[in-house]
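Engineer: Dropping a structure here in structure tokens format, bear with me for questions.
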Amino acid sequence: MTFTSHMDLALAEARAAATRGEVPVGAVVVGPDGQVLAKAGNRTREDHDPTAHAEILAMRAACVALGSERLVGCDLYVTLEPCPMCASAISQARIARLYYGASDPKSGGVAQGPRVFAHPQCHHIPEIYDGLAAAECEALLKDFFAARR
């Protein structure tokens with residue numbers, strides 16, 4: 001199978017989140033066959049739910065689509081490095097490959113901060129690919145926060 005990036009869909013979800021006043025983060029779950037199973041943008045404010053991060057919402061919807069609590073063989077594309085909560089959920093879901101755009105020195109949990117996948121308590125470690133469309137992902141976040149300051 002030829003690699004196809006789905007970061008453009010994740011960016012579209014992030015832009016949609018920004019228009020709703022949410023932090024612009026988008027995520028897409030792709031099944032083992034290359035089909036998009038789910039996509040989501042942040043909805044923490046809209047849903048009044050601190051766990052309504054794009055990654056969590058997309059993984060929940062993908063699990064429903066597959067009828068399983070695990071996403072074995074699936075890929076996750078996200079515009080921002082997942083936080084520790086999302087990184088732990090990614091491990092629990094058994095995501096095969098994680099692709100993310102912008103690094104998050106303040107709140108990241110993959111390459112920054114607690115580095116969730118490096119802990120011995122981590123039961124599953126996905127393949128990790130960072131920096132996909134990083135400049136575009138970073139610009140979206142910077143513009144969003146600049147407009148609020």
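The values are calculated or read from the model by the stated rules, or taken from the named source; none is laboratory data. Because the structure is a prediction, the values reported are computed rather than measured. Cβ coordinates were reconstructed from backbone atoms using ideal geometry, including for glycine residues, and neighbour counts include every protein chain displayed. Ligands, DNA and RNA are stripped out before the accessible areas are found, and what is left, the full protein with its side chains, is counted by its heavy atoms. Shrake-Rupley method; radii C 1.70, N 1.55, O 1.52, S 1.80 Å.
Engineer: Please specify each residue of segment 119-135 satisfying the condition of being farther than 20 Å from A12 by Cβ, open to solvent by less than 80 Å² (accessible area, probe 1.4 Å) and in a loop (DSSP other than H, G, I, E, B).
Structural biologist: C122, H124, P126
Engineer: Inside segment 105-118, can you point out the residues that are at positive phi and either open to solvent by less than 60 Å² (accessible area, probe 1.4 Å) or hydrophobic (A, V, I, L, M, F, W, C) (or both)?
Structural biologist: Listed by number, the list holds a single entry, G113.
Engineer: On to the next question. If E138 passes every condition in (1) modelled with pLDDT of 95 or more; (2) part of a helix (DSSP H, G or I); (3) farther than 20 Å from K39 by Cα but one, which one does it miss?
Structural biologist: (3)
Engineer: Checking A102 against (1) surrounded by 13 or more Cβ atoms within 10 Å (Cβ to Cβ); (2) closer than 22 Å to G31 by Cα; (3) not basic (K, R): exactly one of these is not met. Which one?
Structural biologist: The failed condition is (2).
Engineer: Just give me the residues in segment 36-75 being touching a Leu at 6+ places or on another chain (Cβ under 6 Å) and open to solvent by less than 10 Å² (accessible area, probe 1.4 Å), in sequence order.
Structural biologist: Across segment 36-75, the qualifying residues are A40, A62.
Engineer: So, one more: The conditions are (1) over 22 Å from V30 (Cα atoms); (2) open to solvent by 60 Å² or more (accessible area, probe 1.4 Å); (3) in contact (Cβ under 8 Å) with a residue 60 or more places away in the chain, and F144 fails exactly one of them. Which is it?
Structural biologist: Against the list (1) over 22 Å from V30 (Cα atoms); (2) open to solvent by 60 Å² or more (accessible area, probe 1.4 Å); (3) in contact (Cβ under 8 Å) with a residue 60 or more places away in the chain, F144 comes up short only on (2).
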